[in-house]
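First up is the structure itself, then whatever we jot down about it.
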Amino acid sequence: MTDFIQLVLAGAADGAIYGLLALALVLIYRSTHIVNFGQGEMAMFATYLSWSLLDAGVPFWGAFFAAIVIAFFIGIIIHRVLIHPLEGSPELTIVIVTLGIYLFFNSIALWIYSGVPKVYPIPAGVPRQSWEVGGVFIVPYHVTIFAILFGLMMLLFAFFRFTKVGLAMRAAAAQPLSSTLVGISVPMMMMLGWGIAAAAGATAGMLSAPIVVLEPNFMATILIFSFASAVLGGLDSPVGAVLGGFIVGEVSALGGRYIEFIGNDLQIVLAFALIVLVLLFRPAGLLGRPQVVRV
Amino acid sequence: MTVVAAPPLLRVRDVTMRFGGLVALDSVSFDVPAGSITGLIGPNGAGKTTMFNCITGLYRPQSGEVIYKDHDLLRLPPHRIAPLGIARTFQNLALFPTMSVRDNIAVGMHSVTRQGFISHALKLPWALREEREVERRVDEVIDFLGLRDVANLPCAGLPFGTLKRIELARALVSRPTLLLLDEPAGGLNHEEISALGDLIKEIRSRFDVTVLLVEHHMGLVMGISDKVVVLDFGKKIADGTPDEVRRDPDVIQAYLGVDE
Amino acid sequence: MEMVRRIEWRRNWFLIGLVVGVLLYAFSGPLDEVNARTDAPGSGLLSLAGPIGVGLLFFGVVGILTLVAARVLGPIAAKSATNRRLMQGLGAAILLLAFVFLPWYYDIFPYATLYKLTIALQWVMVIIGINLLTGYTGQISLGQGAFFAIGGYTLGIASFHEWSLPWAISLLIAPVITGILGFLVGIPSLRLKGPYLALATLAFAVIVMPIAKRFEEFTGGVQGIAMFGKIKLWDVFADHSDYFWYYLSLAAAVLMLVFVWNIMHGRIGRALIAIRDNEIAASAMGVNVALYKTTVFGIAAAFAGFAGAVNAAVIQFASPDQYSTLVSIRVFVGAVIGGVASVPGAVFGGLFTQFIPDIAADVSKAAADAVQAVILIVFMYAMRGGFAGFVVQTWHYGRRGVQLLRPAASREPATEASAAASAPSPSGSE
């Protein structure tokens, strides 16, 4: 039993990270209807930047927030320079450009930082020693991840619910044409969406780096898990993305343990199966709105 | 009136189609007599195009039958319907924008040609023979509809009226038995519409085809149809010759009164 | 100054690029020396000048040749369909001869070796499949690298690791297996469109290697399957194995190109493009959309599988390292840059996939993908049709008449600005 609880806890920690990156994917999908294949690599690059800052002696949380801010601006610049001019282009073109973003950041990171894995520290002030509660070990770092995810969710919720800009962003995503008529600059809102998504992605990257190792391809696998989470939750539902993240985290943790074939190496196959099953049988995901197709 | 008495080519029986709570077609039944031009009219949202999409397999109604010759069309996937000799045009144009006009029309021959991947990849003699036949038929219909000047241009960017004729050509090239025209007069001006009426009649006699016509433009439908079916809010409210329908009080109230 | 403002940039960029390219290339030597003296990260940017110069030179030369060809041969081709077909045939024959005799003169090209050219031809096979699937039928697949890998493993497992079938038989089994697999992958893909399909196929590409590692007894796990010296060619070829593989790859690539070319010029090709352009209308015309899509998936996968098997035979190895997810993405990028809806474009795409990393490695080994990414993104803005699209556009431009300068503007700047803003639309519909 304790073993099971232990697994659930570990699965939830992974799930929180998938949920965060999935949240980034959803934010971009909602604002621009683009599936951003470069999301993971953007996050990876931001994580490297924070590593550089740490390496230069900046304290952990300073580097952490600085990287988030830089990621936000990278997101904005990418939208401004690459995505916005392509508005109305065929889907293939946009898929290709986001693949370009993937390749670009992947190889830039390889170029600057080389492929040698780097050790990324857990945040300053978080104890390394696990707490034992009734035979179950609770990893303080996992608690940190939950706290950050929870904090970020609250922040985003408040932002989209109570601030003028947040409301405008939601309006622009839901009704671009009417929003323009009431004076909301839709491109500006899309740009903000890319910025916030990049910031959320960077957070996911920096939180996962201590668990895995920091190397240029480290987000590629996490991206697939996050795609599974986002698709499962419904690509246009931020709450669904986080929920999907937890489900995917648990499914792969428990599946890896209890399905012998899966083991530790094939958890990604579960993510793939989830993606395919959801897309086939419930394309709108758990919380997404079904799309109406007109002839 | 002899045509109306002809045995039906298409029999629509009790077709009901619901989208969620909305009943788009409510137990609609009518016949399309062989060799006739049958008009399907009704105000906006009456369910005309929905009816068309049911006949061509794009929608699956919850109940009812659409019998064409011996086939229940509602049991067939969309791509099995064209080979039976049923061709259609679309209300909002469904051409292939990147292909040339000629190739667009040639796609219309797909349902009456057979050769597959292998024989085309190897350029087997029968594939080549079939291609020549396609070319000949496409040329024929290009000349018939006066599309020679634009034949080698890509579709995208041509004027609306021309695109409508290309769609018609694409439907006609397979020499269908039943031709479904979805609002052929849409977007055309007055002279074009009267020319269109003559054209549809000429097509009927020349290609020996039965025409089912969905149309907004009353003058056109009343002028060329042998039989008219009137839908209103998904229900059939009248069915008969143009004269009968014109005198029908329900029709006058539901449609003519509003539209004129 | 007035002259500069009136230059027709959009149409003549490659002519101007030619001049810039020559200059960049000329100065790249000194820049390399500057570069050699510093070793700060990113200083390699300076040595980008050389490759960029070469790239601009290349487009300039190709552009000028196309313009000349359009002026000289264009009128003849326009006379009749027979003339046009003759010229296409002639062009294809020249290209084919160039490849047939390539082993005698490849060393005049920088970076080229017979081995690399052989592998480039294998990329051509994968890419012509992508062109059929993505370019013509509109199904984005980022998973072709997976079929490539499966093809390679099929050879290794069937001939050397598990069973000992003759390698030639395994080469033929590989496309059958991947073809069937591709057909099966195509079935769920029927319900997916655009980016969703891209996503699912990318995920497919990602999971193949973990699965391969898992079945260690079959695949050799992380080690992979080594075939060094085990592939015994028939005596006639035994001393010329590199030539053998080159010509085998060439023959296979040519067959596949001809296969796709023939298919695309007839009933099936029209149906595929119809599916890409308007699925509903295609099915209303009697096109069995589901069957055609899955068949095309199968064909593309079979091409990739055969390429993978030949590739494994050439490098005599099949291991997880050589089949990363990036392979899928790189060939897709190559396909797009060559011209994703063009048969000749696939040839260029294959060469690009193989040689761009080499060229980029001059700047930095790690930067190869970055250079590809930049080229890719630039292409998406400037030349969506890829290299093949560039040639076609330039040909039409040449046919209409080269125009270096815009007609003198006599109106006030305001109208000029609006004219410039609306300029892309007429050329966009070409």
With respect to C:Y153, is the statement that it is aromatic (F, W, Y), more than 14 Å from chain A (Cβ to nearest Cβ) and touching a Gly at 6+ places or on another chain (Cβ under 9 Å) true?
yes
Could you go through segment C:358-367 and let me know if any residue there is within 23 Å of C:V54 (Cα to Cα), crowded, with 24+ Cβ neighbours inside 10 Å and either within 13 Å of chain A (Cβ to nearest Cβ) or out of contact with any helix residue (DSSP H, G or I) (no Cβ under 9 Å at 6 or more places or on another chain) (or both). yes
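Specify the residue that is farthest from A:P140 (Cα to Cα); the eligible residues are those in segment A:94-124 that are part of a loop (DSSP other than H, G, I, E, B) and more than 9 Å from chain C (Cβ to nearest Cβ). Let's see the steps before the verdict.
Restricting attention to segment A:94-124, the residues satisfying the condition of being part of a loop (DSSP other than H, G, I, E, B) are A:114-117, A:119-124.
Subsequent filtering for residues that are more than 9 Å from chain C (Cβ to nearest Cβ) retains A:116-117, A:119-124.
Numbers: A:V116: 28, A:P117: 24, A:V119: 19, A:Y120: 16, A:P121: 14, A:I122: 10, A:P123: 11, A:A124: 12 Å.
Filtering first and then ranking leaves A:V116.
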Whether any residue in segment C:101-116 is closer than 20 Å to C:G339 by Cα and surrounded by 14 or more Cβ atoms within 10 Å (Cβ to Cβ) is what I want to check. no
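So that you can scan it fast, the table gives a plain yes or no per residue for (1) closer than 26 Å to A:Y48 by Cβ; (2) in a loop (DSSP other than H, G, I, E, B):
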position	(1), (2)
A:A199	yes, no
A:T221	yes, no
A:A228	yes, no
A:L232	no, no
A:V239	no, no
A:V242	yes, no
A:G249	yes, no
A:S252	yes, no
A:F261	no, yes
Residue set B:L153, B:L172, B:L145; condition farther than 25 Å from B:N44 by Cα and either aromatic (F, W, Y) or more than 21 Å from the chain's Cα centre (by Cα) (or both); output residue B:L153
Within segment B:133-156, residues surrounded by 13 or more Cβ atoms within 10 Å (Cβ to Cβ) and closer than 13 Å to B:S100 by Cα come out as B:V138, B:I142, B:L147, B:V150, B:A151, B:L153, B:P154, B:C155, B:A156
Per the filter on segment A:49-93, residues assigned to a helix (DSSP H, G or I) and within 11 Å of chain C (Cβ to nearest Cβ) are A:S52, A:I78, A:V81, A:L82, A:I83, A:P85, A:L86, A:E91, A:L92, A:T93
Among C:A312, C:A251, the single one that is in a helix (DSSP H, G or I) and either crowded, with 24+ Cβ neighbours inside 10 Å or within 11 Å of chain B (Cβ to nearest Cβ) (or both) is C:A312
Given (1) surrounded by fewer than 19 Cβ atoms within 10 Å (Cβ to Cβ); (2) in contact with an Asp or Glu (Cβ under 7 Å, 6 or more places away or on another chain), A:S107 misses just (1)
Looking at segment C:299-308, can you tell me whether even one residue there is at pLDDT 90 or above, in a helix (DSSP H, G or I) and at the interface with another protein chain (Cβ under 10 Å from one of its Cβ atoms)? yes
Residues of segment B:62-113 being more than 7 Å from every other protein chain (Cβ to nearest Cβ), in contact with a His (Cβ under 9 Å, 6 or more places away or on another chain) and surrounded by fewer than 24 Cβ atoms within 10 Å (Cβ to Cβ), in sequence order, are B:R80, B:L84
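Out of segment C:111-124, which residues are touching a residue at least 40 places away in the same chain (Cβ under 8 Å) and on the phi < 0 side of the Ramachandran plot? So that I can check it myself, show each step before the final result.
First, the residues of segment C:111-124 that are touching a residue at least 40 places away in the same chain (Cβ under 8 Å): C:111-112, C:114-124.
Across segment C:111-124, the qualifying residues are C:A112, C:L114, C:Y115, C:K116, C:L117, C:T118, C:I119, C:A120, C:L121, C:Q122, C:W123, C:V124.
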Checked segment B:114-128 for anything within 7 Å of chain C (Cβ to nearest Cβ) and among the hydrophobic types (A, V, I, L, M, F, W, C); matches are B:F117, B:A121, B:A127
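The values are calculated or read from the model by the stated rules, or taken from the named source; none is laboratory data. Source: prediction; values computed, not measured. Heads up, the Cβs are rebuilt from the backbone with ideal geometry, glycines too, and the neighbour counts pull from every protein chain shown.
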